[in-house]
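J.: Encoded as structure tokens, here's the structure I'll be asking about.
The values are calculated or read from the model by the stated rules, or taken from the named source; none is laboratory data. Keep in mind it's a predicted model, so treat the numbers as computed, not measured. Positions of Cβ are generated from backbone atoms using ideal geometry, with glycine treated the same way; all protein chains shown enter the neighbour counts. When the accessible area is computed, the model is the full protein with side chains, heavy atoms only, and any ligands, DNA or RNA have been set aside. Shrake-Rupley method; radii C 1.70, N 1.55, O 1.52, S 1.80 Å.
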Amino acid sequence: MSAPLRIPSFCTQCRSRCGCTALVEDGRLTGLEPAPDHPSGAKLCPKGRAAPELVHHPDRLTRPLRRTSPKGVTPARWEPISWEAALDEIAGQMARIRATHGAEQVAFSATTPSGTHLSDCIAWIERLIRAFGSPNTIYSTEICNWHKDYATRFTYGWDIGTPDFATAETILLWGHNPAATWLARSTEIQKALRRGAKLIVVDPRPTLYSRRATHWLRVRPGSDQILALGLVHLLLETGSFDRAFAAAWTNGPLLVRRDSGRFLRESDLRDGGSAAILFAAAPDGSLLRYDSAAGAWLDAPPKEDSLFAEIGVRTREGPAACSSALTLLRETAAACPAERVTRETGVAEADLRAVAALLGNGTPLAYYAWNGIGQSVTATQTDRALSILYGLTGCYGRAGGNVPGAAVACNDISGRELISEAQKAKALGLRERPLGPPAQGWVTARDVYRAVLERDPYPVRMLVSFGGNLLSNQPDTARAIAAFKALEFHVHSDFFLNATADYADIVLPAATSWEREGLRPGFDASLEGLRRVQLRPAAVAPQGEARSDTDIALGLAERLGLSAAMFGGDADAGHAHLLEPSGVSLEQLRTAPEGVVVDSAVALEPYRESGFPTPSKRLEIYSEALLEAGYPPLPSLEEDEEALTEDYPLRLGCAKTVAYCHSQGRNLPALRRLAPDPVLEMAPETAEAHGLAAGDWVEIRTPAGRFAARAALSKGLAAECVFAQHGWLEAAPQGGVSSNFNSAVASARADPVSGSLPLRSVACALGKL
């Protein structure tokens, strides 16, 4: 037998993008091996090792299908059709609705590029959607990446950045477990721990990193904002924050009018004064002018002893009391003294003070936060509290901290410029959440369901879905089914038939990432990895008639008359445009499939060039943008937790497992052997109190519904908390109860800025099945 072909590659089956070598024999993918020389290639998780089972699964969709049974009949019945017939019919329906009713009445759904093969194709899909003119894409971003990528911009102007674990002396993981979700990052953290970095973990679960942490803050689910503000309070109370950075690079010294909540402006003081000129106070009470448009002080900049100014100012309307933004933050954080934080979060005061001392010691600190704080009804303000806490350390943008930006200069090909302002203004939910995901065209599933079923604020008649399984990855399962039945036309592209595809009119067979090229400019496990550009070659031919999602988007664009907006229907032309600023060509990448390392690097302290990309050009402790939209400009406390009662005495959350990413992989034998059933983690004392033993099937009840899982005992988990896994749809062997976590989560309570849902803190009760 000849040796297998060895093809340099990288895996797209989760956020990690692990570098690897694909092994191919006789046209079949037979295995993956780690690629140690790749910046994210030290290890492979079970999902990566199971790639051959995915590619060659006997149940793969290999031909386009048209449903022949009535909607609601499950499983649906299908007949094969040609690609030409399928794309003609889909494009015809899209064109009809756009011409008769408007492009906004066609909604789209795209699965997460963070955790699926869609990562190589998402820019093309978004370009098609925007060229078509629809502002409505279900992206699930509000319960995934939006807070770390967009809510952080209310503070930094940039996203959370890439943690420089290579030189960090302290690492903070808040609601993020990279051992289960980001193997390449986990490897970088382990390197840092081996060289002596300290680790702080904020998580209610006893994860791998909780057990290895210098300090583990076992926070009660739903109380993260109180904890973050409590730490802010301690830094300000002790003066152990970076005072020089706060004075030079935050808007903390700027004066805020107590009467209006707005910054004091030159236009407040005299006729003809500039609204762009803001003020800080000198120690003698004089005003120091700051040009927010230029990001420059017109007088001497404020000193550290001016950070907590409070003065009266005579305005054109009369006297006004003014305080610095940092003073107002101190007042907000003072509502969370250590004793309250301990009482409401469960974190011991000694641990709280020890962590505050570590955060404020001036050494390089890198951090990451994700779903653990992003899936709550106060997610945006919790992220604000954490971002401000991190901002006070002065580490953002510095070596050993979180560094924004990219090493590879690229053009964006997602087509943001292609959709008109008039169409963007029609995004579902934009009226309620003007600063949230609808401003980017990313809408919630529940807003689409409302538009389908209630025609509010207008009907949605068609749904075009690229991957995903809305019946398992979003709450409102029954409402979703009702909406699917009411759609005029529904299209779904995927590897397999799933519960959502059962309601589609046409299903399209998508190629996996191993069956097509994939371009990646930068691997963000590390700052060094961001310098790697790689064009992954197809390892094997597409199975049957499967096509890449990029080709599906280009095929629809051609039929809709949009090819000119899609680089003439030529993916290479689009990728060449993307790469143009980098100086790297497609030809270079094809001759070096292992990737090319660019000479440039991520810029440290990029704000020194032209300030932060915020309205004030400073890291924004106080956000006028939030104030003007009707939200608190500081992360003042809001009620999050659903009250525990005698009927629902426990708090339910969800967590991820290394075996699966979302709803994928449960039909792969290797993964199913590793994790055969959905589990509910609970403390041994919780199990004993409910008459449960490890492995028992449990019914979990909430005010919104119920689901089933097997009991798994977790020593160290707080007794009032239980944690399940989302992504399961099967019924339990006993009682026929579905294992769908989302069927027991209501969507009535949501974050007012982003629309996020309380997936991490739901009141529940348990019973043995």
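J.: Mind pulling the per residue volume of the convex hull built on the Cα atoms of the stretch 675-754? Å³ is fine.
T.: 122
J.: Dimensions of the stretch 230-325 along principal axes (Cα, Å, largest first)?
T.: For the stretch 230-325, the Cα spread along each principal axis is 41, 27, 23 Å.
J.: While we're on this one: Considering only C-alpha atoms, what is the centroid distance from the stretch 67-87 to the stretch 13-33, in Å?
T.: Their Cα centres are 32 Å away from one another.
J.: Now, a different point. I need to check one value: relative contact order of the stretch 497-609, counting alpha carbon pairs closer than 8 Å and at least 6 residues apart, in percent.
T.: Dividing the mean separation by the residue count of the stretch 497-609 yields 27 percent.
J.: Further, regarding this structure: Sorted by packing (mean other beta-carbon atoms within 10 Å per residue), highest first, where do 718-727, 668-677, 9-18, 454-463 land?
T.: With the highest mean Cβ count within 10 Å placed first, the list reads 9-18, 718-727, 454-463, 668-677.
J.: Can I ask one more? Restricting to the chain, what percent of DSSP beta bridges are antiparallel, rounded to 5?
T.: Beta bridges within the chain, antiparallel portion: roughly 60 percent.
J.: Further question: For the stretch 683-723, what is Rg from Cα atoms divided by 2.2 N^0.38 Å, rounded to two decimals?
T.: 1.13
J.: Hey, what D do you get for the stretch 580-725 in µm²/s if you plug the Kirkwood alpha-carbon radius into Stokes-Einstein at 20 °C and 1.002 mPa s?
T.: 101
J.: Quick check on the stretch 310-422: what does the Kirkwood estimate of hydrodynamic radius come out to from the alpha carbon pairs, in Å?
T.: Value: 18.3 Å, from the Cα pair sum.
J.: Can you grab the distance from the C-alpha centre of the stretch 694-758 to the C-alpha centre of the stretch 598-656, Å, no decimals?
T.: Using only Cα atoms, the two centres lie 27 Å from each other.
J.: Something else: For the pair ASP88/SER260, report the inter-label distance in nm, with labels modelled 7 Å from Cα in the Cβ direction.
T.: For the pair ASP88/SER260, the computed spacing is 6.3 nm.
J.: Moving on to the next point. Restricted to Cα positions, what overall size does the stretch 28-69 have along the principal axes? Three whole-Å values, descending.
T.: Sorted largest first, the three principal extents are 51, 18, 15 Å.
J.: Turning to a different aspect of this structure: Roughly how many whole Å is it from the C-alpha centroid of the stretch 472-488 to that of the stretch 200-260?
T.: 39
J.: Using label points projected 7 Å from each Cα along Cα→Cβ, tell me how many nm separate ARG672 and ALA482, to one decimal.
T.: 3.4
J.: Can you give me the % of accessible surface on the chain that is carbon or sulfur? Probe 1.4 Å, all protein chains present, nothing else counted.
T.: Answer for the chain: carbon and sulfur cover 51 percent of the accessible area.
J.: Now for a separate question. Normalising by the residue count of the chain, find the relative contact order in percent from Cα pairs under 8 Å and 6+ residues apart.
T.: 19
J.: Report ³J(HN,Hα) in whole Hz for each residue of the stretch 554-560, in order, from the Karplus equation J = 6.51 cos²θ - 1.76 cosθ + 1.60 where θ = phi - 60°; Gly and Pro get x.
T.: So the J values, rounded to whole Hz, are 5, x, 5, 4, 4, 6, 8.
J.: Okay, moving on. Based on the mean of other Cβ atoms within 10 Å per residue, sort peptides 67-73, 44-50, 227-233 so the most packed one is first.
T.: By packing density, highest mean first, the sequence is 227-233, 44-50, 67-73.
J.: Tell me, what is the Rg over Rh of the stretch 1-149, with Rh the Kirkwood radius over Cα pairs?
T.: 1.05
J.: Which number do you get for Rg(Cα) / (2.2 N^0.38 Å) in the stretch 374-442?
T.: For the stretch 374-442, the normalised Cα radius of gyration comes out at 1.50.
J.: I need the calculated FRET efficiency for the pair ARG314 and GLU638, taking r as the beta carbon distance and R₀ as 30 Å, to the nearest 0.05.
T.: About 0.30, to the nearest 0.05.
J.: Then there's this: If you build the convex hull over the alpha carbons only and average its shadow over all orientations, what do you get for the chain? Give it in nm² to one decimal.
T.: About 33.6 nm², averaged over all directions.
J.: Moving on to the next point. How big is D, in µm² s⁻¹, for the stretch 80-195 by Stokes-Einstein at 25 °C and 0.890 mPa s if Rh is the Kirkwood radius over C-alpha pairs?
T.: It comes out at roughly 138 µm²/s.
J.: A follow-up question, please. Which length gain, in nm to one decimal place, applies between ARG353 and GLN734 when the Cα-Cα distance is subtracted from 0.36 nm times their residue separation?
T.: Residue separation times 0.36 nm, minus the Cα-Cα distance, leaves 132.4 nm.
J.: A further question follows. What is the spin-label model distance, in nm, from ALA335 to THR68 if the labels are put 7 Å beyond Cα along the C-beta direction?
T.: The two pseudo-label positions are separated by 6.3 nm.
J.: What pairs from LYS617/LYS656; LYS47/LYS424; LYS71/LYS148; LYS198/LYS303; LYS424/LYS617; LYS43/LYS656 go past 28 Å between their alpha carbons?
T.: Going by Cα-Cα distance, LYS617/LYS656; LYS47/LYS424; LYS71/LYS148; LYS198/LYS303 fall outside the 28 Å limit.
J.: With a probe of 1.4 Å, find how much accessible area the chain has per residue, and write the answer as a whole number in Å².
T.: Here the per-residue accessible area is 35 Å².
J.: Along its principal axes, what span do the Cα atoms of the stretch 512-603 show, with the longest given first and each in whole Å?
T.: Taking the Cα atoms of the stretch 512-603, the three principal extents are 42, 30, 23 Å.
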